[in-house]
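The values are calculated or read from the model by the stated rules, or taken from the named source; none is laboratory data. Worth saying up front: this structure is predicted, and the values here are computed from it rather than measured. For neighbour counting, all protein chains shown are included, and Cβ atoms are generated from backbone atoms with ideal geometry for every residue, glycine included.
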Amino acid sequence: MFRRYQRTQEAPPPPKIEADPQEVAKKAKQRVDTAKRALSAGELADLQRESKRQERLLDVRMELHKRLLESLNLAALDRASEQELRHEIGAIAREGLRENGVVLNAAESEQLMQDLYDEITGLGPLEVLLKDKTVNDILVNGPTQIFVEREGRLELTPIRFKDDRHLMRVIDKIVSAVGRRVDESHPYVDARLADGSRFNAMVPPCAVDGALVSIRKFNNDKLSIDELIDYGAMTEEMAAYLQAAVATRLNILVSGGTGSGKTTNLNALSSFIDDHERIVTIEDTAELKLQQVHVGRMESRPPNVEGRGEVTQRDLLRNALRMRPDRIIVGETRGDEVIDMLQAMNTGHDGSMTTIHANSARDALSRLENMIAMSGVDMPLKAMRGQIASALNLVVQVSRLQDGSRRMLSITEVTGMEGDIISMQELFRFKRMGIDERGKIIGRFEATGLRSKYSERFAQWGFDLPTSIYTAPRD
Ligand SMILES: Nc1ncnc2c1ncn2[C@@H]1O[C@H](COP(=O)(O)OP(=O)(O)O)[C@@H](O)[C@H]1O
Ligand SMILES: [Mg+2]
């Protein structure tokens, strides 16, 4: 029988767009109107003058920017020193201001020069958004629509590119800096900016209404275990358990959806690794920020313009095995590196960790199976599962709930095989109990009452966890 598709609880809600620009403009006007009534006539005149002046300054800035683009030798830009460039920009700008009869005070003038400098050397209008610490993602839909994500919400910004060409110029600048190209014949590109942010662009004709750009800013401050506990992402008991698990070198898989906190948790878990161990990390985009001293970081590389020079995660992983690592951390397992990862876990590189895109611990295991099958390895299902069951010790499921909060939904141990099935036992879980009037999810973390299969091992390694942490609540 046909059943209507039901969204699972884990699926994050579509991002809310704050308001449409017309709404925002109307509200702003209302605020101004209210403010006006409260002002005296003199103050009002001042305010209007000031706002006229600001408008005019904006025009002048646009005008100057255009003039700069025309008069500066763009090809020579890369070779000019910062001082030369600032000098040149200053000269052209002052001339323009004089011609337009605009007089600025020292602070305004300094700000204007800085803005122009940023626009010329950096990423133009995007520069301020990149510098804004409260902005997580920047999403450009053509030259006149730029959204940002702040605290999990999307909002439209007043920032604009002058036109399609201006936007394309900035995109070109970004991609050529990383040795790539984007044009009609190769209309999309994925790259990493100098600060670690992730950049993706899709240009016309594939992008219908002007180039699409998404920038996921690199968050330099990774959350620590303590912060995750403070934020309600896990409990102290869960942290104590995970500390023992990491320190005693269990192989751990962190599973979750996009943006659910996989990388964050992997990073936080790695803080439990002993400082004397040699760790190598393998990622498609270097995001992990381990605190240990002895870390070898590697990043895969897509093919260059001629389609050559690709280095995959699998290549890196194979090479890593020859680098005498104590631990291997793969940022996210997505493809045929899975085979080598499991093999490494099974052959002495215990204590390895990775993440995977999946919605539950069980789902994570079937994703692994799928990846093995897709990689072309011909292995009976049972053998495949045996391989997984003996490699993996623990699956940590994280999730971004409907209210935007991120939590560790479950900690599950892989206990072996029962017939053809991989057996697991859940030790900790987040139990949802409802939703409050503001849409916040109410719930609590609880132990399931099962004791860790690795209790003995923990004790031998000096992590004698009290049995109370495994005790289920009585009600
Ligand atoms: N428990 C948490 N509380 C608040 N913010 C979090 C939490 N976990 C992760 N984040 C934030 O969520 C964003 C996405 O996290 P990330 O680990 O990159 O997700 P994933 O790797 O699953 O795509 C980051 O900005 C991170 O700082
Ligand atoms: Mg990630």
Which of the following residues is in contact with a strand residue (DSSP E or B) (Cβ under 8 Å, 6 or more places away or on another chain) and either more than 9 Å from ligand 1 (Cβ to nearest atom) or in the same structural domain as Asp190 (by TED's automatic domain parsing) (or both): Val246, Val293?
Val246
Quickly run through the range 128-157 and pick out the residues that are in contact with a Phe, Trp or Tyr (Cβ under 9 Å, 6 or more places away or on another chain) and among the charged types (D, E, K, R).
Asp137, Glu155
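Can you tell me which residues in the range 258-292 are in a helix (DSSP H, G or I) and within 16 Å of ligand 2 (Cβ to nearest atom)?
Kept after step one, since they are in a helix (DSSP H, G or I), are these residues of the range 258-292: 262-272.
Correct list: Lys262, Thr263, Thr264, Asn265, Leu266, Asn267, Ala268, Leu269, Ser270.
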Checked Ile329, Ile273, Ile282 against criteria (more than 22 Å from Glu426 (Cα to Cα) and more than 16 Å from ligand 1 (Cβ to nearest atom)); the one match is Ile273
Name the residues in the range 231-248 that are touching a Leu at 6+ places or on another chain (Cβ under 6 Å) and not in a helix (DSSP H, G or I), would you?
Met234
For the range 351-383, which positions are more than 19 Å from Arg314 (Cα to Cα), without any contact (Cβ under 8 Å) to a residue 60 or more places away in the chain and buried (at least 18 other Cβ atoms within 10 Å of the Cβ)?
Leu365
Taking the range 339-367 as the search range and keeping residues that are within 23 Å of the chain's Cα centre (by Cα) and under 19 Å from Gly416 (Cα atoms), which one is farthest from ligand 1 (Cβ to nearest atom)?
Ser352
Condition test on Leu77, is it under 30 Å from Arg165 (Cβ atoms), at pLDDT below 75 and surrounded by 10 or more Cβ atoms within 10 Å (Cβ to Cβ)?
yes
Residue count, the range 161-188 (criterion: assigned to a loop (DSSP other than H, G, I, E, B), under 24 Å from the mean Cα position of the chain (by Cα) and under 22 Å from Ile120 (Cα atoms))
5
Scan (1) touching an Asp or Glu at 6+ places or on another chain (Cβ under 8 Å); (2) within 16 Å of ligand 1 (Cβ to nearest atom); (3) not assigned by TED's automatic domain parsing to the domain that holds Arg180 for the single condition Leu288 breaks and write down its number.
(1)
Over the range 130-160, the set of residues without any contact (Cβ under 8 Å) to a residue 24 or more places away in the chain, assigned to a strand (DSSP E or B) and out of contact with any helix residue (DSSP H, G or I) (no Cβ under 9 Å at 6 or more places or on another chain) is Arg150
Selection from the range 105-128 of residues that are out of contact with any His (no Cβ under 9 Å at 6 or more places or on another chain) and touching a residue at least 40 places away in the same chain (Cβ under 8 Å):
Glu108, Leu112, Thr121, Leu123, Leu126
Filtered residues of the range 293-334 (kept if assigned to a loop (DSSP other than H, G, I, E, B) and under 22 Å from the mean Cα position of the chain (by Cα)):
Ser300, Pro302, Thr312, Gly331, Glu332, Thr333, Arg334
Taking the range 246-257 as the search range and keeping residues that are polar (S, T, N, Q) and more than 16 Å from ligand 2 (Cβ to nearest atom), which one is farthest from Thr354 (Cα to Cα)?
Thr248
If only one of Arg474, Arg432 is farther than 17 Å from Ala240 by Cβ and surrounded by fewer than 10 Cβ atoms within 10 Å (Cβ to Cβ), which one is it?
Arg474
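Check Thr355, Thr312 and return the single one that is closer than 20 Å to Thr263 by Cβ and within 16 Å of ligand 2 (Cβ to nearest atom).
Numbers: Thr312 fails: within 16 Å of ligand 2 (Cβ to nearest atom).
Within the list Thr355, Thr312, the selection yields Thr355.
Report the residue count in the range 123-140 for those that are more than 16 Å from ligand 2 (Cβ to nearest atom) and surrounded by 16 or more Cβ atoms within 10 Å (Cβ to Cβ). Spell out how you get there, then give the answer.
So in the range 123-140, the residues more than 16 Å from ligand 2 (Cβ to nearest atom) come out as 123-135, 138-140.
Those left that are additionally surrounded by 16 or more Cβ atoms within 10 Å (Cβ to Cβ): 123-130, 135, 138-140.
Result for the range 123-140: 12.
Here's the yes/no breakdown for (1) of a type in the set (Lys, Arg); (2) within 16 Å of ligand 1 (Cβ to nearest atom):
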residue: Val170; (1), (2): no, no
residue: Ile174; (1), (2): no, no
residue: Ala177; (1), (2): no, no
residue: His186; (1), (2): no, no
residue: Met202; (1), (2): no, no
residue: Arg216; (1), (2): yes, yes
residue: Gly257; (1), (2): no, yes
residue: Asn265; (1), (2): no, yes
residue: Ala268; (1), (2): no, yes
Selection within the range 374-394 - of a type in the set (A, V, I, L, M, F, W, C) and either over 27 Å from the mean Cα position of the chain (by Cα) or within 14 Å of Leu342 (Cα to Cα) (or both):
Val377, Met379, Leu381, Ala383, Met384, Ile388, Ala389, Ala391, Leu392, Leu394
